[in-house]
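The values are calculated or read from the model by the stated rules, or taken from the named source; none is laboratory data. Just so it is clear, the structure is predicted and the values come from calculations on it, not from any experiment. Note that we place each Cβ from the backbone using ideal geometry, even for glycine, and neighbour counts take in every protein chain shown. Keep in mind that these areas ignore ligands, DNA and RNA; they rest on the heavy atoms of the full protein, side chains included. Shrake-Rupley method; radii C 1.70, N 1.55, O 1.52, S 1.80 Å.
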Amino acid sequence: MAKKSKKSVGTPATVALTEAGVPFTTHAYEHDPAAASYGEEAAAALGVAPDQVFKTLLAEVDGALTVAVVPVSGSLDLKALAAAVGGKRATMADPAAAERSTGYVRGGISPLGQRKRLRTVVDASAGGRETVCVSAGRRGLEVELSPTDLVALTGAHLAPIARA
């Protein structure tokens, strides 16, 4: 794994990582506002497989906002997410509510450094990887870290919540 980035990016996500003393690497790229998928754009720009880049989605499980972190190569299985947190029903969260709660804009929502800590589930596929990339808190910026550190810093647990 690469060493901690020496250039300070200054997003809440990178600040949280730095304060926790977690090794990470930032990857910046030129974001295309016309991109159909932020996650696939990030994977292509970084030259990595789409299953190494994870997108951060917010859902409501039984009325409570819940963070789901899944590979960009797949989609979120709402039933599996509900089951993973002991809930009955999950729906995608309203984008405005997701932005208000996390403090990030859509397409740049990071699971790290959110304004309000929400229960978080990371897809089990992350557990078998040396590193994963997630949004660093703005469009065009990813952070690469170990899935163990991601889970620890977000208070998440691993569960199979993605569909291929």
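Details
- Residue in segment 45-58 that is at positive phi, assigned to a loop (DSSP other than H, G, I, E, B) and either among the hydrophobic types (A, V, I, L, M, F, W, C) or at pLDDT below 95 (or both) present: yes
- Per-region count, segment 41-56, residues out of contact with any Pro (no Cβ under 6 Å at 6 or more places or on another chain) and either among the acidic types (Asp, Glu) or crowded, with 23+ Cβ neighbours inside 10 Å (or both): 4
- Count of segment 19-40 residues, restricted to those that are within 13 Å of residue 71 (Cα to Cα) and open to solvent by less than 30 Å² (accessible area, probe 1.4 Å), is 1.
- Qualifying strands (runs of 3 or more DSSP E) (wholly inside segment 64-152; at least 1 residues being touching a residue at least 12 places away in the same chain (Cβ under 8 Å), out of contact with any helix residue (DSSP H, G or I) (no Cβ under 8 Å at 6 or more places or on another chain) and not β-branched (Val, Ile, Thr)): 64-71, 119-123, 132-138, 141-145
- Residue 61 passes every criterion in (1) within 15 Å of the chain's Cα centre (by Cα); (2) under 16 Å from residue 157 (Cβ atoms); (3) modelled with pLDDT of 95 or more apart from (1).
- Here is the figure for segment 111-141: residues that are under 10 Å from residue 13 (Cβ atoms) and either touching a Leu at 6+ places or on another chain (Cβ under 9 Å) or among the aromatic types (Phe, Trp, Tyr) (or both) total 7.
A quick yes/no check of all residues on (1) aromatic (Phe, Trp, Tyr); (2) under 17 Å from residue 65 (Cα atoms); (3) modelled with pLDDT under 95:
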| site | (1), (2), (3) |
| --- | --- |
| 93 | no, yes, no |
| 115 | no, yes, yes |
| 119 | no, yes, no |
| 153 | no, no, no |
